[in-house]
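These notes are about the structure you will find just below.
Rule-based calculations on the coordinates, nothing more; no lab input. All values reported here derive from a predicted model rather than from experimental measurement. Cβ placement follows ideal geometry from the backbone for every residue including glycine, while neighbour counts extend to all protein chains displayed.
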Amino acid sequence: MTQPIDGLIQQAEAALKGGDIPTALTHTQQVLSEAPEHRQGLYLAAVCHRYLKQWKPAERHLTRLLQLDPHYGRAHQEQGHTLLAQGKLQPAADAYRHAVSQNPALVASWAALARLAQHAGDGELAQRALAHHQHFKALPPTLVTVNSLLHEGKLLKAEQLCRSFLQQHPSHIEAMRLLAQLAAKLNVLDDAEVLLDSALQLEPGNRQVRFDLVQVLHRRQKYAESLLQAETLRDSEPGNPSFDTAYANQLVAVGRFDEALALYDQVLAKLPDNANLHLVKGHALKTLGRQPEAIEAYQASYRHRPGYGDACWSLANLKTYRFSDAELSRMQQDEAAPGRSVEDRFHLCFALGKALEDRGQFEQAFDYYARGNQLKQSQSRYRPESMARDLKLQAQHINADLVASKAGLGCTAPDPIFIVGMPRAGSTLLEQIIASHPQVDGTMELPDIAAMAHRLNGRRRVDEAPAYPANLVDLDGDTLRQMGQQYLDQTRIHRQGAPRFIDKMPNNFRHIGLIKLILPNAKIIDARRDPMACCFSNFKQLFAEGQEFSYSLDNMAAYYRGYERLMAHFDQVFPGQILRVQYEDVVADLEQQVSRILDYLELPFDERCLAFHKTQRSVRTASSEQVRQPLYRSGLEQWRNFETQLAPLERALAAY
């Protein structure tokens, strides 16, 4: 059936291009009779009806198309064309605004928006729209297409076009920028960095390239470098709000919060209505534990952008915030509003789940949690079979023979303490307890081990067999030692001078073999929690990035059991070298568990570890407010309020 539909679409496009609108419409109707939700079929049908001045069917197709894909910029543009043809100027302008917010490469939308803004007397918008229109008109048509495909999520086609263009024009700066953006979208951040570095060498004064490089370096958590580039960018145009904000974001990353907050306030004095700026200021205040000010910033963000899901979720994610009746009602209305973006909707759903759970309205809360997870999963590329394969490969290749063959190698520094395990299993609590010791620095969830594993694996297609961890056997002593030292050097920026430091990236459990080969004296703590409590806590948590397994109960059960099996394997391969700490045991007897942990870490007992909630330090994870309070038992079995709804999770855990 797929081939005939593809053929009909091609015939409809050819007829439309040739001006034969009735024939084009006939072909689209045939497509929609077989596949009523075919995206391109709906789009082409709407275009045909507009040319024929059949407004109602055009609007009906566009409404359905935007319900299926609210991010489809061309559909918003077509809606603008249809409204404009009927003389509905303001709704048309709104549609064009939506179009360019989803796909900035839509040249026709910028042109129409410039004209409509000029007609409405909005000179600032008209000037901005005209500038964007001129920018894209000046680009080679191929790069306009690449830009459009990039924003439509057609990454493979965009990459092929862009690489083909660069083969003919190898020093074209905009093409290099676009290919770097594609690499960043695909999380191939090292390639993105190389491309942007090369572009800067060709054109050192290109501010947009440097701005993009700051973002890529930040995502790679190369904060010293991103700060330097952001400072250079800021110096190139003093007072530019975007450059000031980029610099402030890097100051936050390296822990210079006071400078960052002062700079955020300077920019907000110029742009008081900037919702995203209020949001990032709130994140910085939350990290510092200044909760009342963080709440004020998040509320200001939502006030300046009604329906902004991230602002609502940020309030909910404080864990201690309670929404008013008016806030709850407004969030429900915003989540249900037609045309609300998928991203705003899933943020609002998770916030509403938390708000209703706090009120004891558990059935409604679960409905919102489930909808939020479903929406988030719809945007995920997570492949459970790939994860299962990777965990099995770790168990297959990290064995006693490998460990024996590498004995005495690696970097012998005892500095790192790795806290691994499932997210939401108490790792932030353990970090806060251990970082309260004067000989230990707390840091954050560091990406360096995963990045090393990624480099060892090399570029691979999804269906291609991984090179890592099988290739660990090929690493000689010098290489292992250099990798261990490289890890210490890269993470030094996060330390404050204590002899030991914590890396609490939970996903590092997948790379314990690599860790023990390059850093044989590193300590590893496995943060463990009751499976139902842990999985439910993940299910109701919207993560800033990663942890894609958590948006499905079945995927989560498979991941949890895979984690358990791999840790049992590592217990055998590294006997006595991994300390398991059960969250419930810490809550039941803090002093006994603290003594046990410090003994394992070979640190003297310190009372400050018992008063961990009094320790003043920045905490960047979802549990930041909870670890600033004494231990509480109320969270141990919250999942039982949802026992009926979580029955599929219980069955899945038993099955896996």
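Couple of notes before you dig in:
- For segment 505-612, the square roots a ≥ b ≥ c of the C-alpha gyration tensor eigenvalues yield an a/c of 1.5 or more together with a/b not exceeding b/c, which makes the shape oblate.
- Segment 169-221: radius of gyration over Cα atoms, expressed as a fraction of 2.2 N^0.38 Å: 0.99
- 3J(HN,Hα) along segment 512-522: 4, x, 4, 4, 5, 7, 8, 9, x, 9, 5 Hz, from the Karplus curve 6.51 cos²θ - 1.76 cosθ + 1.60 with θ = phi - 60°, whole Hz, x for Gly and Pro.
- Estimated from the Cβ-Cβ distance and a Förster radius of 22 angstrom, the FRET efficiency linking Gln167 and Arg219 is about 0.20.
- Segment 2-141: C-alpha gyration tensor shape, a/c 1.5 cut-off, then a/b vs b/c: prolate
- Tilt relative to the chain, helix 241-253 - C-alpha long axis, 0 to 90 degrees, to 10: 20 degrees
- By the rule of a C-alpha distance below 24 Å, with chain neighbours fewer than 8 residues away ignored, the lysines paired with Lys56 are Lys17, Lys88.
- Considering only Cα atoms, the convex hull volume of segment 169-259 works out to 85 Å³ per residue.
- Length gained when the stretch Glu293-Val194 is fully extended (0.36 nm per residue, less Cα-Cα span): 31.7 nm
- Residues of segment 544-585 with amide N under 16 Å of a point placed 7 Å along Cα→Cβ from Asn187: 544-552, 556, 559
- Calculated mean residue ellipticity, 222 nm, the chain: -20000 deg cm²/dmol, from DSSP H runs (n ≥ 4) at -39500 (n - 2.57) each, averaged per residue and rounded to 500.
- Relative to the Cα centre, the charge distribution of segment 409-655, modelled as +1 at Lys and Arg Cβ and -1 at Asp and Glu Cβ, gives a dipole magnitude of about 340 debye.
- Segment Asp367-Ala470, extension gain: residue separation times 0.36 nm, minus the distance between their alpha carbons: 32.7 nm
- Whether segment 409-655 is rounded, prolate or oblate, judged on the alpha carbon gyration tensor where a/c under 1.5 counts as rounded: oblate
- Taking a straight Cα-Cα cut-off under 22 Å and skipping sequence neighbours fewer than 8 places away in the same chain, the lysines within cross-link reach of Lys523 are Lys406, Lys504.
- Sites Ser386 and Asn641 - FRET efficiency at Förster radius 35 Å, r taken between beta-carbons, to 0.05: 0.55
- Between helix 55-68 and the chain there is an angle of about 10 degrees, using the helix long axis and the longest principal axis of the Cα atoms.
- Coordinate range along principal axes, alpha carbons of the chain, Å, largest first: 80, 58, 56
- Under 20 Å from Lys185, Cα to Cα: lysines that are on another chain or at least 8 residues apart: Lys154, Lys157, Lys222, Lys376
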